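See structure below.
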């Protein structure tokens, strides 16, 4: 798989994990390729909403531009949602708040160490009982 | 254009119209082809959120299944959003509430006449000053 296909695969995996926990979730079409800013995923459980940017350890670029972070924060604000970076490493997902990203001046940096130390697990973020066959 | 391409074209047009009016909006990837229910678009302006199912007059099927309506209503509830059917006819968009759809027993029916009489315009739904070059 090329880099884009790996990203899509990871996003679909996360969508599935969220649905299993009772979160209604959609993947944005053309995220990163349209003229309008967009998170990769949005998710809601009736009480909370999440705006999620996905990064996987297959990404060679772990730097996230300030513009991307600002757009994620603004998008989340417009949806009354929580902005999160979801980082996939060794088949685990870590949810990192924007405040916990390392500011390098021009951009923000995301490391595996930071994800392990500061990140929340999907169960900490999305909780809930897991349904094996998630349907409505 | 085939039917699917026309639908995508119409959805992109509506995304643009919403952005012009200050609504942050995304199009769902694979809407209608994934195992999970999903509206075509979600949109937010900081105060309100919309979950939108798009229909265009190119659609030969104006019947909407009860399941589709129920899923849209449930999705909207999980996002604390308003569910709307957006119907495109003669280059105009009409926003129709689920209560205004005609119940035929097994499904709901959407006619151009119903859209004209009961539908709201995009300015009635999304208001706001139009920005010619919508950016963040």
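Just so you know, all these numbers are worked out from the coordinates, no wet-lab data involved. What you see is a predicted model, and the numbers here were worked out from it, not measured in a lab. Positions of Cβ are backbone-derived with ideal geometry, glycine not excepted, and every protein chain shown enters the neighbour counts.
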What FRET efficiency comes out for residue B:16 versus residue A:117 if R0 is 41 angstrom and r is the Cβ-Cβ distance? Round to the nearest 0.05. 0.45
Would you mind giving the mean number of other chain beta-carbons within 10 Å of the Cβ of each residue in A:16-22, as a whole number? 1
Counting only helical runs of four or more DSSP H residues, what would the 222 nm mean residue ellipticity of chain B come to if each run contributes -39,500 (n - 2.57) and the total is spread over all its residues? -9500 deg cm²/dmol
Write down the percent of antiparallel bridges among all DSSP beta bridges whose residues are both part of chain A, to the nearest 5. 75
For the pair residue A:65 and residue A:2, what calculated FRET efficiency results from E = 1/(1 + (r/R0)^6), where r is the Cβ-Cβ distance and R0 = 30 Å, to the nearest 0.05? 0.90
Kirkwood Rh over alpha-carbon pairs of the protein assembly as shown plugged into Stokes-Einstein at 37 °C, 0.692 mPa s gives a D in µm²/s of 169
With r defined as the distance between the Cβ atoms of residue A:124 and residue B:124 and R0 fixed at 25 Å, what FRET efficiency is calculated, to the nearest 0.05? 0.05
Along Cα-to-Cβ, 7 Å out, sits the label point; list in nm, shortest first, how far the one on residue B:47 is from those in the other copies. 2.8
Starting from the 7 Å offset along Cα-to-Cβ, what nm value, one decimal, do you get for the label separation of residue B:35 and residue A:103? 4.3
Normalised by the residues of the range B:3-126, what does the relative contact order come to in percent, with Cα pairs under 8 Å and at least six apart? 20
To confirm my reading of the symmetry, which residue of chain A has the Cβ nearest the axis that brings A onto B, and what whole-Å distance does it have? A:29, 2
Using a 7 Å offset from Cα along the direction of the beta-carbon, what are the separations from residue B:2 to the same position in each other copy, nm, ascending? 2.2
Taking the Cα atoms of chain A, what is the range of coordinates along each of the three principal axes, in descending order and whole Å? 43, 32, 30
Restricting the count to DSSP beta bridges whose residues both fall in the protein assembly as shown, what percent are antiparallel, rounded to a multiple of 5? 75
May I ask for the angle, rounded to the nearest 10°, between helix B:3-20 and the longest principal axis of chain B, with both axes built from Cα atoms and the value confined to 0 to 90°? 40
State, to one decimal in nm and shortest first, how far the label point of residue A:124 sits from each corresponding label point in the other identical copies (label point: 7 angstrom along Cα-to-Cβ). 4.9
